[in-house]
Amino acid sequence: MSFVSHQLRCIGSGERIAPDAVSSDFRDPATGELYEVEYSWSETRGDAAAPRPNAQALRHLWAERRDSTLPIDASGVWRYRDLLPILKDENNAVTLREGNTPLYDLPRTSKLLGLDFLLTKHQGMNPTGSFKDTGMTTALSVAAERGYKWVACASTGNTSAAMAAYAARAGLRAIVFIPEGKIAWGKLSQSMDYGALTVQLKTDFDGCVKLLTEIVRKNPIYLLNSVNPYRLEGQKTPAIEICEQLDWQVPDHVIVPGGNLANGSALGKGFTELKHLGFIDRVPKISVIQAAGANPLFQWFTNEEKQLHPVTADTRATAIRIGNPASWRKAARVIEATGGWCEQADENEIAVAKAQIGAEGIGCEPASAVTLAGLKKLLKSGHVQTGERVVLLLTGHTLKDPEYTIDFHKDLLATDVAEAAPYRRPPLVLDANESSVMRALEAEMAGSL
Ligand code: F0G
């Protein structure tokens, strides 16, 4: 399959530019807005005569590729490369066999909430443990194809882990800016393990973004934050994978965590393109959940203002500790166009939801658990009905932030809600003899009756 050309379209003005004409910060100098990748067949292009990818043929081709041993076929992102023709040569794809993540049910949680259909799409099962790999394989491949030697990102930890890994695979140098003291150690260690120049800045995520934007303006360093529209091309593929895994039956509602707000935007693009091309007959509602301590989109949504007011972010769900999200306009459009909603979850709600997911044998990082916390609220407010088929996006692996989990179980998170108590499993320190173990076992069995 030869890769067709694409262009970048400003989401504010609709102006189009050639891919190599884009500025280093990926913003339109006239409007300050972001770009999206547009193909000849894209709906925004409005060209009914343009040849379109054939849905029927591609469903077969994608299924066949699952049996192929070629790395780009084994990748759960590049397997769908026909809908993301962003490279001049597909052999330039840098892949760690990302994607191909499982859909898990949550039987006990569904029962508790009175839902018949509740699945989680576990993006934490990606090679570096978060959904960021799906977007990093695409954007970093573009960087490598265009001959960049250095790539960079500001991150709350997962983007930097993913970027460092893919850069290492491609033989590129990577520089990472992270807020000092405000990211989980697991993520910080990954960036070092994969050989990136890891810089802890004495500021928050928003401060890191600001400084990095200045630096890439003046140096030949390719920016891999999610303002880079090629990130979203990879991050749209879980939408395709969900539909494929459900035998092309579309869920009614997809719920995602919101930080910098690229992920909800990317999934919206994915589902919308699938509908436009005739793979599916409708687009699911997409709802975004923010941490209450980092909730600018929630505030914008409930106040119905035209402009977003950045907040000073604070939450133990450090992945989404972001007060000035770059992709807020894209996300707001997706939520509104699909009929979804924006909710917030406080620290107690996040902690309980994370424990409930963990108790199902799945586990995720705190930022992912906002989806379940938000679902409970959407059910209460009627934005989700019990008959709906709901999919929660779990964005990161539980081992990304073990400190949070340990603090929860040791009751150090200040989660003072009764709901948390049944899930607490603090580690026991016992004398090394049979009777003390038996006493503990008996106490546990009596408690669980
Ligand atoms: N969940 C996790 C685990 C994340 O790491 C992030 C973002 C999000 C959700 C939110 O996604 O930003 O697209 O709305 N983490 C970024 C990072 C910002 O630097 O790793 P978003």
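Just a yes or no: is a residue in the range 220-235 within 23 Å of Leu84 (Cα to Cα), part of a strand (DSSP E or B) and either at pLDDT 95 or above or within 14 Å of the ligand (Cβ to nearest atom) (or both)? Talk me through it step by step, then tell me what you get.
Start the filter on the range 220-235 by keeping residues that are within 23 Å of Leu84 (Cα to Cα), which leaves 222-235.
Then keep just the ones that are part of a strand (DSSP E or B); that gives 222-223.
Going one step further and asking which of them are either at pLDDT 95 or above or within 14 Å of the ligand (Cβ to nearest atom) (or both), we end up with 222-223.
Scanning the range 220-235, I find at least one residue that is within 23 Å of Leu84 (Cα to Cα), part of a strand (DSSP E or B) and either at pLDDT 95 or above or within 14 Å of the ligand (Cβ to nearest atom) (or both), so the answer is yes.
Scanning the range 51-76 for residues that are closer than 17 Å to Phe279 by Cα, surrounded by 12 or more Cβ atoms within 10 Å (Cβ to Cβ) and hydrophobic (A, V, I, L, M, F, W, C) gives Ala55, Leu58, Leu61, Trp62.
So, in the range 157-180, how many residues would count as being of a type in the set (Val, Ile, Thr) and in contact (Cβ under 8 Å) with a residue 40 or more places away in the chain?
If we filter the range 157-180 for residues that are of a type in the set (Val, Ile, Thr), which is where we start, we get 159, 175-176, 178.
Within this subset, residues satisfying the condition of being in contact (Cβ under 8 Å) with a residue 40 or more places away in the chain are 159, 175.
Final tally of qualifying residues: 2.
Where helices (runs of 4 or more DSSP H) fall entirely within the range 57-156, those with at least 2 residues that are farther than 22 Å from Glu233 by Cβ and either in contact (Cβ under 8 Å) with a residue 24 or more places away in the chain or more than 16 Å from the ligand (Cβ to nearest atom) (or both) are at 107-113. When the range 254-289 is filtered for residues that are more than 21 Å from Thr138 (Cβ to Cβ), surrounded by fewer than 24 Cβ atoms within 10 Å (Cβ to Cβ) and either of a type outside the set (Asp, Glu) or within 13 Å of the ligand (Cβ to nearest atom) (or both), the ones remaining, listed by number, are Lys275, Gly278, Ile280, Arg282, Val283, Lys285.
Please find, within the range 157-187, the residue that is nearest to the ligand (Cβ to nearest atom) out of those that are of a type in the set (Lys, Arg) and within 19 Å of Glu98 (Cα to Cα).
Just the residues of the range 157-187 that are of a type in the set (Lys, Arg), to begin with: 169, 173, 182, 187.
Now drop any that are not within 19 Å of Glu98 (Cα to Cα), which leaves 169, 187.
On the way: Arg169: 18, Lys187: 7 Å.
Ranking the qualifying residues of the range 157-187, first place goes to Lys187.
Evaluated against (1) over 21 Å from Glu336 (Cα atoms); (2) crowded, with 24+ Cβ neighbours inside 10 Å; (3) not hydrophobic (A, V, I, L, M, F, W, C), Gly186 falls short on exactly one condition, (2).
For the range 417-441, give me each residue that is in a loop (DSSP other than H, G, I, E, B) and within 29 Å of the chain's Cα centre (by Cα).
Taking the range 417-441 and keeping what is in a loop (DSSP other than H, G, I, E, B), we get 417, 424-433.
Correct list: Val417, Arg424, Arg425.
The values are calculated or read from the model by the stated rules, or taken from the named source; none is laboratory data. In this text the structure is predicted, and so the values were computed from the model without any measurement. Please note: Cβ atoms are built from the backbone with ideal geometry, for glycine as well, and neighbour counts cover all protein chains shown.
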